[in-house]
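> To start, I am sharing the structure in question, which I have written as structure tokens.
The values are calculated or read from the model by the stated rules, or taken from the named source; none is laboratory data. Because the structure is predicted, anything quoted here is derived from the model rather than measured. Ideal geometry is used to build each Cβ from the backbone, glycine not excepted, and the neighbour counts take in all protein chains shown.
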Amino acid sequence: MSAQDRIRETVTGNPVVLYMKGTPQFPQCGFSAKAVQILKASGVNNLVTVDVLADPEIRQGIKEYANWPTIPQLYIGGEFIGGSDIMTEMYESGELQQQISDLK
């Protein structure tokens, strides 16, 4: 299975997916740590994370999948949302919490 197929399967098969550097317990960059904090504060309890540092194919493939050059990347309901800056703006406006509650 190609990296693109694996990414598509993960993104479409889970309600909330975060491609990040490291894990929620041990994030490997400040932006990934912030993304996890925002999602926890937004009430996400079924978060699926993918550590891009563990797989170079996924690390490059996720950038191509969404045509977005940076990590972390958030997907909700199979749709690309954005990185930590967009997540922050959406959280501050309440839009992120609304999208997450709409999944329930």
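> Is the stretch 43-64 home to any residue that is touching a Ser or Thr at 6+ places or on another chain (Cβ under 9 Å) and basic (Lys, Arg)?
yes
> Does the stretch 86-95 include one or more residues that are of a type outside the set (A, V, I, L, M) and closer than 30 Å to Ser2 by Cβ?
no
> Continuing with this model, one more query. Quick one: count up the residues across the stretch 77-104 that are aliphatic (A, V, I, L, M), under 12 Å from the mean Cα position of the chain (by Cα) and surrounded by 21 or more Cβ atoms within 10 Å (Cβ to Cβ).
Of the residues in that region, 1 qualify.
> Need pairs with beta-carbon distance below 7 Å; first residue aromatic (Phe, Trp, Tyr) and within the stretch 78-104, second surrounded by 17 or more Cβ atoms within 10 Å (Cβ to Cβ) and in a helix (DSSP H, G or I); sequence gap 6+ or separate chains.
From the stretch 78-104, the pairs are Tyr91/Ile38.
> Looking at Thr49, Thr10, can you tell me which residue is of a type in the set (S, T, N, Q), crowded, with 16+ Cβ neighbours inside 10 Å and either assigned to a strand (DSSP E or B) or touching a residue at least 60 places away in the same chain (Cβ under 8 Å) (or both)?
Exactly one residue qualifies, and that residue is Thr49.
> Hey, could you check the stretch 13-41 for residues that are among the hydroxyl-bearing types (Ser, Thr, Tyr) and surrounded by 20 or more Cβ atoms within 10 Å (Cβ to Cβ) and say which is farthest from the chain's Cα centre (by Cα)?
Ser32
> Oh, and also: Given the structure, is Val44 modelled with pLDDT under 95 and either crowded, with 18+ Cβ neighbours inside 10 Å or in contact with a His (Cβ under 7 Å, 6 or more places away or on another chain) (or both)?
Yes: the conditions hold for Val44.
> Taking the residues in the stretch 56-76 that are among the charged types (D, E, K, R) and farther than 19 Å from Ala33 by Cβ as candidates, determine which candidate is nearest to the chain's Cα centre (by Cα). Step through it out loud before you land on a result.
The first filter runs over the stretch 56-76 and keeps only residues among the charged types (D, E, K, R), leaving 57, 59, 63-64.
Next cut, farther than 19 Å from Ala33 by Cβ only: 57, 63-64.
Working: Glu57: 17, Lys63: 12, Glu64: 15 Å.
Within the stretch 56-76, the match that is nearest to the chain's Cα centre (by Cα) is Lys63.
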